[in-house]
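S.K.: Below you will find the structure I want to go over with you.
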Amino acid sequence: MPCDRILIAYDGSENAKRAIEYAGRFLDAQRAVVLTAWEPLVRQAARLSGLSGVVQPEWVPDEELEDVAYLDARTTNAEGLLLAELAGLNAEARTAECATTIWNAIVDCADELDADLIVAGTRGATGIRALWHSSVADAVLKHCHRPVLLVPPGKPS
């Protein structure tokens, strides 16, 4: 029985590409939404300067110019859409500006769409490495009240 909607989190990584491949191979969905979440460049700069402890002067981007991070997200999302279509999914593209975290943007979008399933790739980090680098996929799994299909990375060659 096909599900109505799946949401595929896509960031352009090899693991996200693999997740799309497996979604096309194993899932029968009437609609697949390929989501690329992005953070505005000014917010990235503020977060990084805050981590460094250096106070940065307030910077407001020119409203006439599109945010480079948004342009990059659209390009990445178009690639994901093409991969989803090639995988046989009835896909549509979507980007989401994250106000807090990438995982939160994914969960919020899934709620807005009333997605039946969220699909995401994982980095497969374990041990100390997993403790130092938080996983978006892990946070989605912990904070979402929907089924989640996590596709791990393939075996190294």
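S.K.: Name every residue in the range 1-19 that is under 13 Å from residue 102 (Cβ atoms) and either in a helix (DSSP H, G or I) or at pLDDT below 90 (or both), in order of residue number.
M.R.: 16, the sole residue that qualifies.
S.K.: Of the conditions (1) open to solvent by 70 Å² or more (accessible area, probe 1.4 Å); (2) modelled with pLDDT of 70 or more, residue 65 clears all except one; give me its number.
M.R.: Unmet condition: (2).
S.K.: In the range 20-43, which residue that is open to solvent by 80 Å² or more (accessible area, probe 1.4 Å) and of a type in the set (D, E, K, R) is modelled with the lowest pLDDT? Steps first, please.
M.R.: So the first thing to find is which residues in the range 20-43 are open to solvent by 80 Å² or more (accessible area, probe 1.4 Å), and the list is 21, 25-26, 28, 30, 43.
Imposing the further condition that a residue be of a type in the set (D, E, K, R) reduces the set to 21, 25, 28, 43.
Numbers: 21: 97, 25: 95, 28: 90, 43: 71.
In this case the residue turns out to be 43.
The values are calculated or read from the model by the stated rules, or taken from the named source; none is laboratory data. The model shown is predicted, which means the values in this text are computed figures rather than measured ones. With ideal geometry, Cβ positions are generated from the backbone for all residues, glycine too; neighbour counts draw on all protein chains shown. These accessible areas exclude ligands, DNA and RNA; they are computed on the full protein's heavy atoms, side chains included. Shrake-Rupley method; radii C 1.70, N 1.55, O 1.52, S 1.80 Å.
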